[in-house]
Amino acid sequence: MHSELSLSHIKFRHLILLKHLVEFGSLHKAAKHLSISQPAASAMLREFEKQIGLTLFLRTTQGVIPTEASTLLANRGETILNEFDALVHEVKQLNKNLSPLLRVGVVPQALFAYLPRAIELFRESGGGAVSIQEGTAKHLMLQLFEGKLDCVIGRLSGASMPSMHNTDELIFFPLYSESICIVEGTREKKRRKNSFEDLAKRDWVLPRPDSSLRQQLTDSFLRRGLMLPKPVIETTNYFQSLTMLSSSNLCSVIPQSAADMHVKLGNIRIIDIPSDLKAMPVSFILRASAKDNTQVIKFREIFTDLSSGTNTTPQA
């Protein structure tokens with residue numbers, strides 16, 4: 001059993017060495033990235049293992065093989081290193097009398113609904129600069145766990161949870177549900193008569209097969225004994241889909257808020273057809289360790305007020 005005092009001797013260099021060893025599987029390469037000799041890296045690893053009382057790597061003639069313990073610790077160490085980088089940035093900002101940067105991850109379907117107004121109100125209420133990173137739920141959740149994001153606005157499912165992590169490390173605040181609709185381009189002025197049988201014969205622009213929108217649409221066709229057509233264009237997000245739809249006869253599936261906006265611009269039409277596409281719940285997600293972050297709290301409260309229809313008046 002190791003005391004808290006012995007564990008307190010863990011240094012950032014130990015965590016950086018652990019990160020490089022897991023990444024490269026080689027003491028030589030890890031030492032090179034740390035700008036130290038291989039014997040020094042080997043001694044540092046032995047010191048680290050002695051302090052925590054665990055074997056982190058199996059030594060072989062080909063390199064080092066991570067144990068289960070090293071994989072678990074590497075994930076936590078990555079978060080600590082990224083959090084420290086964020087702390088350094090915050091100190092620099094505070095020395096310049098500036099608010100810390102708020103790092104927000106957003107899934108594509110959440111970009112249109114409330115985010116622009118929420119950022120505007122956040123800034124008006126004294127919040128600092130905001131960095132937005134768009135991506136898939138799985139990618140953003142990994143960034144959140146690693147400490148590279150302060151919060152995520154999106155939808156969490158079992159498929160989007162990174163391995164080696166669990167929901168006990170997170171706090172969820174439900175925001176709203178985003179409806180989904182089927183749309184088409186407006187090259188043909190006359191609306192077609194649409195049924196799912198007709199849609200099965202149309203050309204489609206679709207997101208990746210692993211996206212929740214694509215999976216929902218596939219299931220909707222299957223429930224009617226039909227196959228969703230193979231897309232003529234496959235995109236990484238619905239912004240690309242909207243670009244491809246403009247002035248075409250193609251079909252796609254996108255969030256309702258984005259569809260409404262582009263209908264007003266005359267770029268697309270919503271296909272009026274009964275469907276069983278489920279609304280997608282969107283939540284404000286943060287790590288439990290960041291629950292007292294004042295910038296995150298302020299941004300969450302503003303976003304919650306907006307999505308619930310509460311009038312939000314910025315405070316000076």
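Listed by first and then second residue, the pairs linking a residue in the stretch 106-130 that is farther than 26 Å from Pro281 by Cα and without any contact (Cβ under 8 Å) to a residue 40 or more places away in the chain to a residue that is of a type in the set (Ser, Thr, Tyr) and surrounded by 14 or more Cβ atoms within 10 Å (Cβ to Cβ), with Cβ atoms under 8 Å apart and 6 or more places separating them unless they lie on different chains, are Ala129/Ser99.
Residues of the stretch 201-218 that are touching a Cys at 6+ places or on another chain (Cβ under 9 Å) and of a type in the set (Val, Ile, Thr): Val205 alone. Checked against the criterion of being closer than 21 Å to Ile271 by Cα and open to solvent by less than 70 Å² (accessible area, probe 1.4 Å), the stretch 112-132 contains one or more residues that satisfy it. Looking across the stretch 93-107 at every residue that is surrounded by 15 or more Cβ atoms within 10 Å (Cβ to Cβ) and in a loop (DSSP other than H, G, I, E, B), the one that is modelled with the lowest pLDDT is identified as Ser99.
Within the stretch 138-165, restricting attention to residues that are of a type in the set (S, T, N, Q), open to solvent by less than 70 Å² (accessible area, probe 1.4 Å) and out of contact with any helix residue (DSSP H, G or I) (no Cβ under 6 Å at 6 or more places or on another chain), the residue that is modelled with the lowest pLDDT is Ser157. Would you mind telling me which numbered condition in (1) in a helix (DSSP H, G or I); (2) modelled with pLDDT of 90 or more; (3) under 30 Å from Ala74 (Cα atoms) Ser131 fails? Of the numbered conditions (1) in a helix (DSSP H, G or I); (2) modelled with pLDDT of 90 or more; (3) under 30 Å from Ala74 (Cα atoms), the odd one out for Ser131 is (1). Among the candidates Ile180, Ile171, the residue that is more than 17 Å from the chain's Cα centre (by Cα) and at pLDDT 85 or above is uniquely Ile180.
Could you please give the count of residues in the stretch 192-213 that are more than 21 Å from Asn267 (Cβ to Cβ), of a type in the set (D, E, K, R) and touching a residue at least 12 places away in the same chain (Cβ under 8 Å)? Selection size over the stretch 192-213: 4. For the stretch 45-57, the condition of being touching a residue at least 12 places away in the same chain (Cβ under 8 Å) and under 20 Å from Lys148 (Cβ atoms) holds for none of the residues. The selection criterion, being under 15 Å from Gln109 (Cα atoms) and assigned to a helix (DSSP H, G or I), does not hold for Phe221.
The numbered conditions (1) within 24 Å of the chain's Cα centre (by Cα); (2) open to solvent by less than 10 Å² (accessible area, probe 1.4 Å) are all true for Gln216 except (2). Residues of the stretch 134-147 that are in a loop (DSSP other than H, G, I, E, B) and free of Cβ contacts under 8 Å to residues at least 40 places away in the same chain: Gly135 alone.
The values are calculated or read from the model by the stated rules, or taken from the named source; none is laboratory data. Quantities reported herein were computed from a predicted structural model and do not represent experimental measurements. When we count neighbours, we look across all protein chains shown, and the Cβ atoms used for this are built from the backbone with ideal geometry, even at glycine. Surface accessibility is based on the protein's heavy atoms, side chains included, excluding ligands, DNA and RNA. Shrake-Rupley method; radii C 1.70, N 1.55, O 1.52, S 1.80 Å.
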